[in-house]
Amino acid sequence: MSEQRYRTVAYVRVSTTDQTVSLDSQIRHFNEVMDTTPNLVNCGIYVDNGISGRFLNRREAFLQMLSDCELGRIDRILCKSIKRFGRNTLDIVRAIARLTELNISVYFEQENIDTLKDRNNIILVTMAHVAQEEAEDISESVRWGFQRRYEKGMMIQNPNTPYGYKLEYGELVPVPEQAAVVRRIFEEYAETGHSTLICQKLNREGIRTATGKTFKPSTILYYIKNEKYKGDCLMEKRVLLNGRQVKNTGQITQYYVENHHEPIVSRELWERANLVRLRQTKADCFQPKGDNPLEGVPIRCGKCGHAYTRRFTNGQQYRFVCGGHDDERYRKCDSPSVRLQTLENITIRIFNELRGKKKRLIEMPLSDELVALNAEIDHLLAQERTYLQLQAKGLLEGPVEGEYNRVLNQIVRAEDKRKELLRTNAMNIEAENDLRRYNKIIMRTEPLIEFDAEVFRGLVKKITVYGRENFEFELTNGMVAKVKTYYYHSKEDEIDEIIYEKTWGRKE
C-alpha cells in the first residue's frame, strides 16, 4: 500500500519590499523541500511581500491561503517561523485553532513545531507572544529615536512638506514661487476673512496646491493655522495608537520649537490672520444651525453620484448642495441645490398616501438549498482528492484527466452559486429588517401634518436628486417613489405627482 501524500503549501512573508534576498531564499527553500519530500505534493507558495505581520486584514496572500484551507484544498502548511506566520498573538492562535479543526497541520521550521502533533499549545502561544513583543519593541525603538530627535529640535524626513517649502538636508527651505502664493493668502485672509473668495481667485488663475489639486476653503484655513509659515515647528502632532495615526491630544509629549526655520510670513501677519480665523469660527457664519432632520438617510446626485450636503442658509430655508460642484473630475457638476422644506413635504405626502398599507416579504427558503449545495461541494472535493492521489502516482492522463477537469469546473460553478445564495440571503435579511421598520411606522392611525424625523428614517432609505423638480425616494417597503414637483423661486414648491414602482419581490 502506497504512502499517503499531502497537498502542501508554504507561506512566506517579509515586512519590507527591499528584503528580496530573504524572500527569494525562502521560496527556493520551500520549493525544494516540497519537491524532494516523497509524501508531499507541491501545491504552491503564498507570498506577502512588504506586509507587516501585525495586521491580518492587510495580508492578502495569508487570507487567500486560509480561504483555500476552508475549501479543502490544502492538507499541510510550511512556514519558516512563527514570526513569519504573524506578529499578533490573537491572530496566530485563532488561525492555528481553526486549521486544527480542519485537520490541517502547520509546521514551523525554526521552532520545530507541528501543530497537529504538538497539541499542547503552551509553546506555540508563548512563541507567538514573543513575536508580537518583538514587533512592539522594534516600533518602540523607532519611536524612541524619533523622540530624541524631536527633543533636539530636529525634523524627521517627511515627504509631505508644507506648500511653500522644500526639504533640503533635513531643513525646510522656502520655494520662492509658492512662498509668494502663501504670503498672498495670509494678506488677503487677514483683510477679508473670506477663504471661499480666495479659493475662487487662485483657481481661476490656474494656481494649484502642492498635489496639483484645486484650492478649497479647508485648504486655506489649514495654511492659516500652520505654525511653520511663521518659522516655528510643533512636533508630535500625531501619535501611533494600535497601529493607526491619530491626533495627539496629550497621549505623548509635544515639542514646540521657535525660529526653527526661515519663515514665509511675519509673526505679526500670522497672528493677525489667525485672530480673524478665530473670530470667524466663533461667528460660524457659513454653517447651518441646529440638527439636520434628514441625517442618516443618504441624498445622492443622480448626475454625478456625489452626496448632497446641507451647507448654507437662505433666510430661514436650508438647502442641500451637490458635493460635485467643486470636483473637476465631473467638470464641476451643475445639479441644482434643493430646499429642505421640499424634501420634508414629499415625505409627508408619501406617508399619508401609504398610511395603513402593510407589506410582507415573499419567503425565500434558501437554507435547504444551501445545505444541499454544501453537501454537493463536499462530495466534489472528495473526488478532487482522489484525482490528486492519482496525479501524485502519475496516473492522471487521457480520459481520467478529462474527468478531473470536469470535477474542477463543477467545483468552481458550485462555489460561485454558493456565494450568490449567501449574498441573496443577506439581502433578504436586510429587506426583512427594513420591512419591520416600515410596518411599525406606516400603521400610525393619524395622518402626518408636520414633518417627523422618526417617520422619515423608518420610511425612506435613500433619496436621488435628478433636478429641482425630479426626485426618487427609495422606500423601506421595497418600492421607489418617483416624484415630480413644480419649482418656484419665491414661494414653496408644489408636488405634481408621485408614481410608485416595485424594485423586488413583495406582495400585498
> Within segment 476-495, can you find the residues that are modelled with pLDDT under 90 and either acidic (Asp, Glu) or under 21 Å from His306 (Cα atoms) (or both)?
Replying inline: Glu492, Asp493, Glu494
> When the residues of segment 28-47 are filtered to those that are loosely packed, with under 14 Cβ neighbours inside 10 Å and part of a helix (DSSP H, G or I), which remaining residue is farthest from the chain's Cα centre (by Cα)?
Replying inline: Thr36
> Of all residues in segment 1-27 being modelled with pLDDT under 85, aliphatic (A, V, I, L, M) and surrounded by fewer than 17 Cβ atoms within 10 Å (Cβ to Cβ), which is farthest from Thr386 (Cα to Cα)?
Replying inline: Val21
> How many residues does segment 155-165 contain that are surrounded by 13 or more Cβ atoms within 10 Å (Cβ to Cβ) and either at pLDDT 50 or above or in a strand (DSSP E or B) (or both)?
Replying inline: 5
>> Against the definition (at pLDDT below 80, in contact with a strand residue (DSSP E or B) (Cβ under 6 Å, 6 or more places away or on another chain) and not assigned by TED's automatic domain parsing to the domain that holds Asp434), how does Tyr318 come out, yes or no?
In response: yes
>> Among the residues of segment 254-274, are any at pLDDT below 90 and among the basic types (Lys, Arg)?
In response: no
> Within segment 202-222, which residues are more than 23 Å from Glu271 (Cβ to Cβ) and free of Cβ contacts under 8 Å to residues at least 12 places away in the same chain?
Replying inline: Arg204, Glu205, Gly206, Arg208, Thr211, Gly212, Lys213
>> Taking the criterion of being over 24 Å from Met479 (Cα atoms), among the polar types (S, T, N, Q), modelled with pLDDT of 85 or more and outside any strand (DSSP E or B), would at least one residue in segment 336-357 satisfy it?
In response: yes
> Only one of (1) within 30 Å of Arg310 (Cβ to Cβ); (2) at pLDDT below 85 fails for Phe456. Which number is that?
Replying inline: (2)
> Of all residues in segment 78-109, which are at pLDDT 80 or above, more than 17 Å from Tyr6 (Cα to Cα) and in contact with a Lys or Arg (Cβ under 6 Å, 6 or more places away or on another chain)?
Replying inline: Arg84, Glu109
>> Please go through segment 48-70 and give me each residue that is among the polar types (S, T, N, Q) and either within 12 Å of Val12 (Cβ to Cβ) or buried (at least 21 other Cβ atoms within 10 Å of the Cβ) (or both), ordered by number.
In response: Asn49
> Which numbered condition trips up Thr211, out of (1) assigned to a helix (DSSP H, G or I); (2) polar (S, T, N, Q); (3) under 17 Å from Tyr165 (Cβ atoms)?
Replying inline: (1)
> Taking Ile429 and the conditions (1) within 27 Å of the chain's Cα centre (by Cα); (2) modelled with pLDDT of 85 or more; (3) in a helix (DSSP H, G or I), which numbered condition does it fall short on, given that it satisfies the others?
Replying inline: (2)
> Taking segment 217-248 as the search range and keeping residues that are assigned to a loop (DSSP other than H, G, I, E, B) and surrounded by fewer than 16 Cβ atoms within 10 Å (Cβ to Cβ), which one is modelled with the highest pLDDT?
Replying inline: Lys237
> Which one is nearest to the chain's Cα centre (by Cα) among residues in segment 460-480 that are over 17 Å from Leu340 (Cβ atoms) and not in a strand (DSSP E or B)?
Replying inline: Thr476
> If you check Glu187 against the conditions, is it modelled with pLDDT of 90 or more, surrounded by fewer than 14 Cβ atoms within 10 Å (Cβ to Cβ) and not assigned by TED's automatic domain parsing to the domain that holds Asn88?
Replying inline: no
>> Among the residues of segment 190-200, what is the count of those that are in contact (Cβ under 8 Å) with a residue 12 or more places away in the chain and either loosely packed, with under 14 Cβ neighbours inside 10 Å or in contact with a strand residue (DSSP E or B) (Cβ under 6 Å, 6 or more places away or on another chain) (or both)?
In response: 1
>> Criterion first (exposed (fewer than 14 other Cβ atoms within 10 Å of the Cβ), touching a Cys at 6+ places or on another chain (Cβ under 9 Å) and either in contact (Cβ under 8 Å) with a residue 60 or more places away in the chain or under 30 Å from Tyr387 (Cα atoms) (or both)) does Arg73 satisfy it?
In response: no
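The values are calculated or read from the model by the stated rules, or taken from the named source; none is laboratory data. Here the structure is a predicted model, which is why all the values come from computation and not from measurement. Methodologically, a virtual Cβ is constructed for each residue, glycine included, from the backbone with ideal geometry; neighbour enumeration extends over all protein chains shown.
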